[in-house]
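The values are calculated or read from the model by the stated rules, or taken from the named source; none is laboratory data. For clarity, every value in this text was computed on a predicted model and none was experimentally measured. Glycine also receives a Cβ, built like all others from the backbone with ideal geometry; neighbour counts cover every protein chain displayed.
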Amino acid sequence: MLAQVTGAFIFSSLVLLTFIFIANPLKVNSKANLWFGMYLFLWGSFWFEEAAFLLGFLDFKISSNAFLALLQFLTPITFYISIAYFTNPNFAFDSSSLKLLPLPILYLILSILTIYTNHDLKLMLLILMILHSILFSIISILKIRKHQRKIQLFASNTSEIDLKWLEYLSIISLVNLALAVYFNIIYYNTPLNSYMNFAVLVLIYLTAYYGLKQKEVFPVDRQERNETLALEIDQPSLTEKRQLLSNERIIELKSELTKLMEKEAPFLQDEINLSSLANALNITAHQLSYLLNNGFNQNFFQFINTYRVERAKQLLLNNQENKLSILGIAFESGFKSKTSFNTTFKKITGLTPSQFKKSSNL
C-alpha cells in the first residue's frame with residue numbers, strides 16, 4: 001500500500017510541475033520549458049497506475065493500450081528535445097529529426113503485436129525501453145557538455161546557465177533506471193519499490209528547485225542571440241581562410257582592449273558578456289571572439305576571469321585595511337557567488353583564495 005501512496009504522490013507532484021513549466025510564469029527559455037513540462041508529464045505517467053489504484057480504477061493498465069505505451073516510450077525523446085532547446089533556442093525540426101522515429105515506430109509495432117496477438121514480447125519491449133532511455137540520456141549529456149564549453153565563449157559567469165542540474169538529472173535518472181531494473185526483475189518486492197519511490201520524490205524536489213530557478217540561457221535580444229549561437233567552439237586560426245581580422249588589426253585591437261581592461265575595468269561588472277565588451281571596442285562579437293582566441297589564446301570566460309582573479313589576488317594581499325570577507329572579495333572582483341569564485345580562482349592559480357592568502361602571509 002505504501003508503494004501505491006508514494007507512487008500517487010509522485011504522479012501528482014509531476015503533474016503540478018508539468019503545469020508550472022508549461023505555464024512558465026517567468027517567461028524564460030520558453031520552448032525548452034514547454035518540452036521539459038511534457039517530459040515531466042510523461043515521466044509521471046509511469047506512476048499513473050498507482051494513482052488510478054487509489055482512485056478505485058483497479059483494472060487500469062497503461063501497458064494494455066498501445067498508444068499510451070508509445071507515449072511513455074517517448075519520455076527520453078521529449079527530454080532530449082528540451083535539452084536541444086535549452087542549448088539552442090533556435091532549434092527547429094528538420095529532415096535530421098527523422099532519426100528520432102525508428103525506435104518509437106518499432107516499439108509501437110511490438111506493442112500492438114503483444115496486445116492484439118498471442119506473441120509475448122514484453123521482455124523485448126522492456127529491453128528496447130531501457131536501451132532507448134540510455135541512448136537518449138547519453139546523447140543529452142553530451143549535448144549539455146558541449147553547451148558548457150560554448151557558453152564560455154560569450155559569458156563571464158556561467159554557473160547560472162551551464163545546465164549542470166540537467167546533466168545531473170540525466171545521470172541520476174540512468175542510475176535510477178539501473179536500480180529499478182535490478183529491483184523489479186531480480187529482487188522484486190514492495191519495500192524496495194517504496195524506497196525507490198522515495199528516492200524519486202527527492203529527485204523531483206531537486207528538479208523543481210533547480211528547474212524553477214533556471215535563468216534565460218541565451219541573450220534575449222534576437223540579433224545578439226543569433227551572433228552568440230553562431231560562435232564556434234573551435235575558433236578558426238590565423239592560418240585558415242576564415243581570417244576575420246588581419247595581423248595588423250589584431251595587434252591594434254589587443255592594445256586597445258588591454259588599455260580598456262586596465263583603465264575602465266569592465267571585468268568588475270558581473271553581467272558583462274561578449275557582446276557588451278565588443279560594443280565597447282566598436283567591433284562585432286564574432287570579431288572579439290576571434291581576437292581573444294588568436295590574440296590572447298583564451299576564450300571570453302578565461303580572459304575576463306583572469307583579470308578578476310588578478311583583482312582578487314590584490315585584495316587578498318592588501319586586505320589589512322578593508323577587512324573584506326572572502327565573499328566580499330568575490331563580489332568586489334566581479335564574481336557572482338563564492339562557489340564560482342573559489343572554483344575559478346583555484347583553476348587559474350592552483351590554490352583556493354584561502355590557501356593563497358595563507359601562503360602569502362608566510
Legend entry - All positions within the stretch 242-256 that are free of Cβ contacts under 8 Å to residues at least 24 places away in the same chain, part of a loop (DSSP other than H, G, I, E, B) and either loosely packed, with under 11 Cβ neighbours inside 10 Å or of a type in the set (A, V, I, L, M, F, W, C) (or both): R242, S246
Legend entry - Meets criteria (within 27 Å of V217 (Cβ to Cβ) and at pLDDT below 95) for N293: yes
Inset, instruction - From (1) surrounded by fewer than 18 Cβ atoms within 10 Å (Cβ to Cβ); (2) under 14 Å from T258 (Cα atoms); (3) more than 25 Å from the chain's Cα centre (by Cα), pick out the condition that doesn't hold for T306. - result: (3)
Legend entry - Pair list, Cβ under 8 Å, 6 or more apart: the stretch 335-352 residue among the hydroxyl-bearing types (S, T, Y), other residue surrounded by fewer than 16 Cβ atoms within 10 Å (Cβ to Cβ) and assigned to a helix (DSSP H, G or I): T352/K346
Legend entry - Residue check for S82: surrounded by 20 or more Cβ atoms within 10 Å (Cβ to Cβ) and at pLDDT 95 or above: yes
Inset, instruction - Could you check, for the stretch 273-282, whether at least one of its residues is touching a Lys or Arg at 6+ places or on another chain (Cβ under 6 Å) and either β-branched (V, I, T) or not assigned by TED's automatic domain parsing to the domain that holds S159 (or both)? - result: no
Inset, instruction - Go through E271, E321 for me and flag whichever is at pLDDT below 95 and under 24 Å from the mean Cα position of the chain (by Cα). - result: E271
Legend entry - Top-ranked residue of the stretch 8-41 - restricted to ones that are at negative phi and not in a helix (DSSP H, G or I), ranked as modelled with the lowest pLDDT: L26
Legend entry - Inter-residue pairs, beta-carbon under 9 Å, first of a type in the set (K, R) and in the stretch 103-130, second part of a helix (DSSP H, G or I) and surrounded by 13 or more Cβ atoms within 10 Å (Cβ to Cβ), 6+ apart: K122/S63; K122/T114
Legend entry - Odd one out for K259, checked against (1) basic (K, R); (2) modelled with pLDDT of 90 or more; (3) farther than 29 Å from L229 by Cβ; (4) surrounded by 15 or more Cβ atoms within 10 Å (Cβ to Cβ): (4)
Inset, instruction - Name the residue, out of N184, N176, N189, that is under 23 Å from M38 (Cα atoms), more than 18 Å from the chain's Cα centre (by Cα), at pLDDT below 90 and not aliphatic (A, V, I, L, M). - result: N176
Legend entry - Residue in the stretch 336-348 that is nearest to N305 (Cα to Cα), counting only those that are of a type in the set (S, T, N, Q) and surrounded by 16 or more Cβ atoms within 10 Å (Cβ to Cβ): T344
Legend entry - Selection from the stretch 280-289 of residues that are under 26 Å from F341 (Cα atoms) and either more than 24 Å from the chain's Cα centre (by Cα) or among the charged types (D, E, K, R) (or both): A280, L288
Inset, instruction - For I151, work out the one condition from (1) more than 30 Å from the chain's Cα centre (by Cα); (2) of a type in the set (V, I, T); (3) at pLDDT 90 or above it doesn't fulfil. - result: (1)
Legend entry - Count - residues of the stretch 324-339 that are charged (D, E, K, R) and either within 20 Å of A265 (Cα to Cα) or outside the structural domain of F267 (by TED's automatic domain parsing) (or both): 2
Legend entry - Flag if S159 is in a loop (DSSP other than H, G, I, E, B) and touching a residue at least 12 places away in the same chain (Cβ under 8 Å): yes
Legend entry - Answer from S173, S97 - the residue that is crowded, with 19+ Cβ neighbours inside 10 Å, outside the structural domain of N279 (by TED's automatic domain parsing), in a helix (DSSP H, G or I) and out of contact with any Lys or Arg (no Cβ under 6 Å at 6 or more places or on another chain): S173
Inset, instruction - Identify all residues within the stretch 110-137 that are loosely packed, with under 13 Cβ neighbours inside 10 Å and part of a helix (DSSP H, G or I); write none if there are none. - result: Y116, K122, L123, I127, L131
Inset, instruction - Identify all residues within the stretch 138-186 that are within 17 Å of S82 (Cα to Cα) and of a type in the set (A, V, I, L, M); write none if there are none. - result: I138, I139, I141, L142, I144, I161, L163, L166, L169, I171
Inset, instruction - Could you pull out every one of the helices (runs of 4 or more DSSP H) wholly within the stretch 300-356 that has 1 or more residues that are more than 25 Å from N273 (Cα to Cα)? - result: 300-317
